[in-house]
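Here is the structure we will look at.
The values are calculated or read from the model by the stated rules, or taken from the named source; none is laboratory data. Here the structure is a predicted model, which means the values were calculated and not measured. Here the Cβ positions follow ideal geometry from the backbone for every residue, glycine too, while neighbour counts run over all protein chains shown.
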Amino acid sequence: MLGVDEIGKSPLAWKLKTDGGGTLLFLGFRWIHAKREHEQMLRALMKRLGIKQRVNCSNPSVWTSLRTKDSKSVLFLMNLLSSPMEADVACQPAFRNVMVSAGRHHLEAMTVKMVEIT
């Protein structure tokens, strides 16, 4: 079992080995935004699968997307809400061995900001 509901303790996530040698992952959760359960579930799953987190953002309401080609990256910061947002962001492009600060950013409501990382 990979996860249980924190209130009712019912199974919400599990892994099953198939006869053909594959693996089936089932991921479910209570949809309670105040708990941010979906974010915690994905973070725990990525860690369990050995996937390294490449972007850290201090504000979960600011969405991020890192795109890399050769030795250049572009980090997109998205505020899809109707209020301005602030966020501190760090990322690790494929051509770097460590996280690098992308700085603190102010995003107006309903905007996308592009940050070049070299």
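Overview of results
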{"read-out": "Answer residue from the stretch 21-43, given it is part of a helix (DSSP H, G or I) and aliphatic (A, V, I, L, M) and is modelled with the lowest pLDDT among those", "value": "ALA34"}
{"read-out": "Lone unmet requirement of (1) surrounded by 12 or more Cβ atoms within 10 Å (Cβ to Cβ); (2) within 18 Å of the chain's Cα centre (by Cα); (3) assigned to a loop (DSSP other than H, G, I, E, B) for GLU6", "value": "(2)"}
{"read-out": "Only one of ALA102, ALA87, ALA109 that is in contact with a Leu (Cβ under 6 Å, 6 or more places away or on another chain) and among the small types (Gly, Ala, Ser)", "value": "ALA102"}
{"read-out": "Any chance LEU75 is outside any loop (DSSP other than H, G, I, E, B), surrounded by fewer than 11 Cβ atoms within 10 Å (Cβ to Cβ) and not small (Gly, Ala, Ser)", "value": "no"}
{"read-out": "Hey, GLN53 over 23 Å from LYS113 (Cβ atoms) and without any contact (Cβ under 8 Å) to a residue 24 or more places away in the chain or not", "value": "no"}
